[in-house]
1. What accessible area per residue, rounded to a whole number of Å², is obtained for region 273-320 using a probe radius of 1.4 Å?
2. Using only DSSP helix segments of four residues or longer, with each worth -39500 (n - 2.57), what per-residue ellipticity at 222 nm results for the chain after dividing by its residue count and rounding to 500?
3. Past 19 Å, Cα to Cα, is the threshold; run 185/238; 52/151; 151/194; 52/194; 52/258; 151/185 against it and keep the listed order.
4. Using Cα extents along the principal axes in Å as the read-out, say which of [x] 61, 51, 32; [y] 61, 45, 36; [z] 77, 46, 41 was calculated from these coordinates.
5. Tally up the carbon and sulfur contribution to the accessible surface of the chain as a whole percent, 1.4 Å probe, everything protein left in place.
6. Just the Cα atoms of region 188-320: what Rg and Dmax do they give in Å?
7. Can you tell me the 0 to 90 degree angle between the C-alpha axis of helix 173-192 and the longest principal axis of the chain, rounded to 10?
8. Helix 4-18 sits at what angle to the longest principal axis of the chain, using alpha carbons and giving 0 to 90 degrees rounded to 10?
Amino acid sequence: MPEGHSVHRLARQFDDVFGGQVLAVSSPQGRFAPAARLIDAQRLISSHAHGKQLFLGFENDLVLRVHLGLYGAWSFGGDEHFSGASSIGAPRKVGESEQGPDEEAGPYAGPPEPVGQVRARLVSEHGWADLRGPSACEVLTREQVLAVRAKLGPDPLVAAAGEFNLAKGRGSTEANEAAARAARKDFVARLARKRTPIGTTLMDQGVLAGVGNIYRAETLFRTRIDPFLPGNELSSRKAGILWDDIVSIMGDGVRDGKIITTRAEHRDESGPLWPENAYYTYQRQGRGCRICSATISLAEVAARKLYWCPGCQPPARSRN
């Protein structure tokens, strides 16, 4: 499942290549056809992500909500004017797979025939986007969107999204900074109410939106937090440090299009950066820690694989 940075990159892509344009929306597969007609021939006026969910707002006050889930993916194509922050294909492999413009393609003559089960197709004058295999694809009212987002925790990338909007001439620095402060405060408060182990809590989208298995493992290592410590036993100070680290590494993911959490001094200079040098603990079970002499551990927790270093993340005896 794509982690939050991928969905924020998608939101930027849609803003760049479709923003302000009237779109033809259809469902070649047929399953989405009735909802597609509600937003067909409407202008796209907003594109934003909240955690792992994408929201595309149209001028008739309806919103397309997409959650890619485990198997969903967008593919894009178009002419020389159809380029943006990224052109994201199926992010089914760790680190995601992104495809840039095909420089060898011939003149653009409209979208190709649909390949596979295309749930939704969006077409503009200059390009197209096809959606396959999402876990959720629906058209909502603004009120319904608010209800969906109310169930989600704060998004660590709220400031990054605000900075993108500022670059587009939207919003204000003051509002962006206020939203970032509010999100941090909200996370610390939500974490303080959870008795479940923090390694489980970070995957709860109602506590923190957008973090998946990689970011969970890596940020707990970077902040030296025992993943089995109950969330409400982490001090507010350390919870704030944890939030700041998540904001930092997820922001890097938005910029780079890959998850790379290691610091330069902890990498093996003889190997490539990604994926061999990208992580501290994720999928490194049985190997030596990059910092201490311990061996990276692996356990199945809440049906997901949890990675940690017993040396750098020893069992906590008290609030940090």
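1. On the way: 2770 Å² over 48 residues.
Using a 1.4 Å probe on heavy atoms only, each residue of region 273-320 averages 58 Å².
2. On the way: 8 runs with 96 residues, N = 320.
The helix contribution divided over the chain gives -9500 deg cm²/dmol.
3. Values: 185/238 12 Å; 52/151 13 Å; 151/194 16 Å; 52/194 21 Å; 52/258 16 Å; 151/185 17 Å.
Going by Cα-Cα distance, 52/194 fall outside the 19 Å limit.
4. [y]
5. Details: 7440 of 15020 Å².
Answer for the chain is 50 percent, counting heavy atoms of protein chains only.
6. Every Cα atom of region 188-320 included, Rg and Dmax give 14.2, 45 Å.
7. 50 degrees
8. 20 degrees
The values are calculated or read from the model by the stated rules, or taken from the named source; none is laboratory data. Since the model is a prediction, treat every value here as computed from it, not as a measurement. Because the Cβ atoms are built from the backbone with ideal geometry, glycine has one as well, and the counts that use them run over all protein chains shown. Areas reflect the complete protein model, heavy atoms only, side chains present, ligands, DNA and RNA absent. Shrake-Rupley method; radii C 1.70, N 1.55, O 1.52, S 1.80 Å.
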